[in-house]
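Please treat every number below as a calculation from the coordinates, not as lab data. Since the model is a prediction, treat every value here as computed from it, not as a measurement. A quick note on method: Cβ atoms are made from the backbone with ideal geometry, for glycine too, and the neighbour counts reach across all protein chains shown.
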Amino acid sequence: MHHTIGWVIFSLVVIFLLVLDLGVFNKKAHVISIKEAVFTSAIWIAVAFAFNIGIYFFNGEQQAVEFLTGYIVEKALSVDNIFVMIMIFNVFQIPPQFQHKILFWGILGAIVMRGLMIFLGIALIEKFHWIFYIFGLLLIYSAVKMAFKKEDETIDFDSKWYIKLLKKLYPITSDRENGKFLITIDNKRHITPLLLALFTIEFTDLIFAIDSIPAIFAITTDSFIVFTSNIFAILGLRSLYFAVSGIVEIFHFLKYGLSIVLGYVGLKMILIDIIKIPTLLSLIIIIGVLSVSIFLSLILPKDKK
């Protein structure tokens with residue numbers, strides 16, 4: 001598959017599914033059921049795997065393995081993102097029927113931000129090889145931070161600079177029942193909690209992307225593989241959120257699995273000029289670590305205090 005053709009196919013598929021998602025399945029605001037979320041999530045996963053099969057037949061096994069590895073890493077790291085989404089929606093008291101709208105526009109913004117970060121990162125790597133070592137150290141730092149993160153840790157979103165800036169630019173209304181980001185009151189534009197939640201999700205995703213994108217650079221620096229695997233993974237994040245938000249706390253060992261994966265990938269980047277680890281082996285290691293962490297979470301349930 002020539003990359004030009006691949007970009008066209010990828011763009012058409014993504015645009016079609018996004019239009020179908022917002023314009024047909026979620027045209028009216030409603031509470032997303034677990035059944036609906038699982039079905040939608042399965043569709044996104046199936047489309048990603050179908051795309052990967054296309055890469056396998058047209059580009060070969062190596063790039064197919066790279067895509068799958070990048071997709072799994074991003075998908076796994078996005079689970080940690082779900083914890084923060086739950087916190088954001090609780091803090092801003094967003095009604096369930098409007099959460100999909102916020103996530104939809106949030107992920108569109110994430111596509112743009114991640115695209116810029118990916119192409120900038122690849123340009124830096126191609127010009128400055130030592131960037132690999134910086135990314136590696138960043139991932140190891142993130143791995144340690146994740147492993148020792150307190151589960152009951154809370155975030156004061158009101159103290160964030162972007163929330164303070166929004167509050168200075170526009171008055172805030174507590175009206176969150178009309179499902180709009182901006183409303184007019186007494187001929188003045190007011191910001192609703194939905195817009196505050198949207199901005200918070202955008203900046204939170206930016207922080208998460210600082211971990212996940214360098215992790216994929218350890219697998220490949222092919223812009224087509226990096227971008228498509230990353231975007232396919234986050235496009236399914238909305239449906240994954242609604243599918244597992246109620247049970248995500250069950251997988252309490254997953255953060256340690258993710259920490260090990262980040263540490264492994266970071267070490268792989270630092271040792272890139274010394275040890276060449278096959279991508280297929282990295283894929284097996286990542287799947288193995290994540291599977292063990294999920295299995296341990298199920299057989300050793302978290303003590304309820």
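Quick notes
- Inter-centroid distance (Cα atoms) of region 169-185 relative to region 228-305, Å: 38 Å
- Proxy reagent accessibility, fewest Cβ within 10 Å first, across V47, V19: V19, V47
- Each Lys or Arg adds one and each Asp or Glu takes one away; over the other residues whose Cβ falls under 12 Å from the Cβ of T279, this sums to -1.
- P(r) tail for the chain: Cα pairs beyond 26 Å make up 48% of the total.
- Each of L235, L166 was scored by other Cβ atoms within 10 Å of its Cβ. Arranged with the fewest first, they read L166, L235.
- Paramagnetic reach from D175 (point 7 Å along Cα→Cβ, amide N under 18 Å) across region 189-217: 189-197
- Of G263, G70, G288, the one that fluctuates the most in a GNM where the chain has Cα springs shorter than 10 Å: G288
- Contact order, relative form, for the chain: 32 percent (alpha carbon pairs under 8 Å, 6 or more residues apart, mean separation divided by residue count).
- Between K35 and L17, residue separation times 0.36 nm minus the direct Cα-Cα distance comes to 4.6 nm.
- Distribution of pairwise C-alpha distances over region 86-201, 10 Å bins, in %: 11, 29, 31, 20, 8, 1
- Sorted by Cβ neighbour density within 10 Å, fewest at the top, the residues D273, D175, D80: D273, D175, D80
- Distance between modelled label sites at E61 and V292, nm, 7 Å Cα→Cβ extension: 2.6 nm
- Placing a label point 7 Å from the Cα of S223 along the Cα-to-Cβ line, the residues of region 103-147 whose backbone N sits under 19 Å from it are 110-129, 131-132.
- Label point distance in nm, L165-Q97, each placed 7 Å from Cα along Cα→Cβ: 3.3 nm
- Cleavage-rule hits, GluC sites (Glu not before Pro), region 173-257, DSSP coil, Cβ neighbours within 10 Å at most 16: E177
- Span-rule helices in the chain, defined as complete DSSP H runs reaching 27 Å or more along the axis (Cα) with Kyte mean at least -1.0: 34-59, 61-91, 96-127, 193-217, 279-299
- Scaled to the globular estimate 2.2 N^0.38 Å, the Cα spread of region 1-124, given as radius of gyration, is 1.20.
- DSSP loop chymotrypsin sites (Phe, Trp or Tyr not before Pro) with at most 14 other Cβ within 10 Å: longest gap in the chain: 149-305
- If you take the alpha carbon atoms of region 194-296 and fit the smallest convex hull around them, that volume is 122 Å³ per residue.
- Selected from N187, N81, N52 as most flexible by GNM, with the chain as the system and alpha-carbon contacts under 10 Å: N187
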